[in-house]
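The values are calculated or read from the model by the stated rules, or taken from the named source; none is laboratory data. Because the structure is predicted, anything quoted here is derived from the model rather than measured. Positions of Cβ are generated from backbone atoms using ideal geometry, with glycine treated the same way; all protein chains shown enter the neighbour counts. Keep in mind that these areas ignore ligands, DNA and RNA; they rest on the heavy atoms of the full protein, side chains included. Shrake-Rupley method; radii C 1.70, N 1.55, O 1.52, S 1.80 Å.
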Amino acid sequence: MKFNFDHEVLVLPGAILSHSDADAIQLRVLLWLASDLSLAGKPRQLAKLAECDLKQANDAIAYWQSRGILGGSDAVPTMAEQKSTNRKTAGAAAVSADAAVAPDASKRTLLRRAEELPTYTSTELAELLEKRETLRAMVNEAQQILGKIFNPSEVNILVTMFDYLGLTEEGILLLLSHCRRVGKLNLRAIEKYAYSLVDRGITAPDALEEEFRTVEALHSFEGEVRTLFGMKSRSLTGKEDKMLRAWVSYGYDIEIVRHAYEITVNATATPSVPYTHKILERWHEEGLHTLAEIEAAETAARERRDTSAGTLGNSFDTDDLFRAALERSFRETGAKDDT
């Protein structure tokens, strides 16, 4: 029976037959290098394709160089050499050089700036999408999520996010879906967001989902708070943003915030986020977690006030005492903030 290869055939040096000690990763790396030798200058992409980490990819290249299968220093281009050719390979060489110095360094150290990543031509992108079914499927799904046909620059962003930032296909699609829900549709802005997530070590799909749930909850909550306080479209100050995040961490919904807002306006005649924050902070410290618990505590305080007034024959008012303490704390905090 006669056999034939039904697919494209790779040409490999016959000398590899004498290297039976090569492991599975080293063999996969060699096969991918045989398909495209320029991958030697793109170790992150090579690692992704060979299903290994960056250090293993670099070690595999070094292994085949030491065995004389890969030709000398030319196999991994230096950044100086590549700057004289094109920006794409220069970016890849910068990553390779950094990896050689500190192979265990964080991705965020190597890929902090977009200019460190390769830029593919339209022809190169078409070839990549033709060869890599997973990548092609991801780009198609991404277009569906954002509701647009990508131009080459946008496809380049997705490819580099996939090959160089350590995000999985699922992670990238989760990111795009999240950005669509919060109204962030510009891929360049999404790319910057992806860098910030990598900087913080948030790359696994479950970690991304948790992050996006928190961000979306805060995004929705912020809109409700803005409406309540009449903030319109102005940006939150740093202090206001910190206070809103604290309210979310307390587990307080907009109804509890509205209750504190009404107390604020009744006491000061002016909407004040810091004053409302003091009320919410005090409730949190007292272990009051729901509106029902807060209202029950207020009712109990009024009953104690009425009982004290009837027993002592005076007008002792615990609500007045609470407001006085709150206002004193608010003034003291404001004075500290002004210094």
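Ordering His259, His219 by accessible surface, largest first, gives His219, His259; the 1.4 Å probe counts only protein heavy atoms, with every chain in place. For the pair Arg304 and Leu228, the difference between a 0.36 nm per residue extended length and the Cα-Cα distance amounts to 24.2 nm.
Over 28 Å apart at the Cα level, from the set Lys184/Lys239; Lys55/Lys184; Lys42/Lys184; Lys148/Lys239, are Lys55/Lys184; Lys42/Lys184; Lys148/Lys239. Computed over the range 181-244, the convex hull of the alpha-carbon atoms projects to a mean area of 5.1 nm².
Restricting the calculation to Cα atoms, every distinct pair contributes to the Kirkwood radius of the range 138-257, found to be 15.8 Å. Sorting the segments 18-27, 172-181 by their residues' average number of neighbouring beta-carbon atoms within 10 angstrom, most packed first, yields 172-181, 18-27.
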